[in-house]
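Shown next, in structure tokens, is the structure this report addresses.
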Amino acid sequence: MSTGGKVSVSSNLSNIRAALPSGVELVAVSKFRPVEELVQAYAVGQRIFGESRPQEMASKRPLLPPDVRWHQIGHLQTNKVRLIAPFVELVHSADSVRLLWEIDRRAAENGRVIDVLLEIRVASEATKHGWEWPELVSWLEGGEFRRMESVGFRGVMGMASFTEDGATVEEEFGRLRGMFGELRERFFGGDGGVFDILSMGMSGDWPLALRHGSTMVRLGSAIF
Ligand SMILES: *Cc1c(COP(=O)(O)O)cnc(C)c1O
């Protein structure tokens, strides 16, 4: 009958918020967590929740207040886009042309624009999803993305290698930031555009991500 869980969600959140520079957004990654824990986080002001499974997001949504902002953070299968298209605020894991067209189609069906981040692979691990940099650049050069009228291109997302080696992680975050800047300048209107989100940093590495200019961290185990 302990309230330990409740205390720790709120104290974890307040410790993290105290350490986040202003302008950096916090996505509370609530995948696999019970709704009560999301309610606890909501009660202390958390509004952005990240889920990796569309079904789970869609089933939790009606159980939370309507001002929650739902983010898709994990790999998104094309055939699941329709489940979240009516309400998702941001898809962090846009990693293929096929997925982007499906997001475009489902967004249009719902009369909205869905914001996305281009997920870029910077880690050395072979299993990670995401665009390979040269392929992403050549696809953008082709200009097809300009016809996706219901997709809002807002920035990039990436995950660093799972390693204790901080230098490797920092190198990867630094590289991702460079890619973000280059895409913004070349394709998305530079400072005058809305390509302004650099989503990097998880529970194990977010202080390093902040050092490299992250504007949005995605934290699960550090909160719940
Ligand atoms: C699970 C997940 C996170 C959160 O991971 P933690 O280590 O628990 O903070 C962040 N981003 C993505 C893409 C994830 O899948």
Of V39, L13, L117, which is farthest on the positive side of the dipole of the chain, counting Cα position, with +1 on Lys and Arg Cβ, -1 on Asp and Glu Cβ, and the Cα centre as origin? V39
For segment 1-104 the chymotrypsin sites (Phe, Trp or Tyr not before Pro) that pass both the DSSP coil test and the at-most-12 other-Cβ-within-10 Å test are F32
Provide the per-residue ³J(HN,Hα) series for segment 203-212, in order, calculated from phi with Karplus coefficients 6.51, -1.76, 1.60 and θ = phi - 60°, each as a whole number of Hz, with x at glycine and proline positions. 3, x, 9, 5, x, 5, 4, 4, 4, 9
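Taking 30 Å as R0, compute the FRET efficiency from the Cβ-Cβ separation of S14 and E182 and round it to 0.05.
Details: r = 36 Å, r/R0 = 1.21.
The formula returns an efficiency of 0.25 here.
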Name the residue, out of L26, L64, L208, whose mean-square fluctuation peaks in a Gaussian network model built on the chain with Cα pairs under 10 Å. L64
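Mind putting a number on the dipole of segment 3-219 about its Cα centre? Charges go on the C-beta only, +1 for Lys and Arg and -1 for Asp and Glu, and I need it in Debye to the nearest 20. Don't skip to the answer; put the middle values down first.
Working: 26 positive and 29 negative charges, 153 e Å.
Once rounded to the nearest 20, the dipole reads 740 debye.
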Would you look at the GNM of the chain, springs on alpha carbons closer than 10 Å, and say which of G174, G143, G50 moves the most? G143
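When a/c reaches 1.5 or more, the comparison of a/b and b/c decides; with that in mind, is segment 3-219 rounded, prolate or oblate per its Cα gyration tensor? Write out the running numbers ahead of the final one.
On the way: a/c = 1.80, a/b = 1.18, b/c = 1.52.
Because a/c hits 1.5 or more and a/b fails to exceed b/c, segment 3-219 counts as oblate.
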Hey, for a label at R69 modelled as a point 7 Å past Cα toward Cβ, could you say which residues of segment 79-98 have their backbone N under 18 Å away? 85-94
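What is segment 168-224 by shape, rounded, prolate or oblate, if you read a ≥ b ≥ c off the alpha carbon gyration tensor as root eigenvalues and call it rounded for a/c under 1.5, prolate for a/b larger than b/c, and oblate otherwise? List each step's numbers first, then the result.
Details: a/c = 3.58, a/b = 1.82, b/c = 1.97.
Cα axes put segment 168-224 in the oblate bin.
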For segment 1-128, what does the alpha-carbon gyration tensor say about shape, rounded, prolate or oblate, given a ≥ b ≥ c as the root eigenvalues, a/c under 1.5 as rounded, and a/b over b/c as prolate? prolate
Of the candidates R69, R184, R146, which one comes out as most mobile in a Gaussian network treatment of the chain with C-alpha springs shorter than 10 Å? R146
In nanometres, the difference between 0.36 nm per residue of separation and the alpha-carbon distance of F87 and N110 is 7.4 nm
Relative contact order in percent for segment 21-156 (Cα pairs under 8 Å, 6+ apart) equals 18 percent
Placing +1 on the Cβ of each Lys and Arg and -1 on the Cβ of each Asp and Glu in segment 129-195, which of G152, H129, L176 has its Cα farthest towards the positive end of the resulting dipole? G152
Taking 0.36 nm per residue of separation and subtracting the Cα-Cα distance, what length does fully extending H129 through D165 add? 10.8 nm
Go ahead and estimate [θ] at 222 nm for the chain from helices alone: -39,500 (n - 2.57) per DSSP H run with n ≥ 4, summed, over the residue count, rounded to 500. -11500 deg cm²/dmol
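The numbers here are math on the coordinates, done by the rules we state, and not lab data. None of these values were measured; they are calculated from a predicted model. Ideal geometry is used to build each Cβ from the backbone, glycine not excepted, and the neighbour counts take in all protein chains shown.
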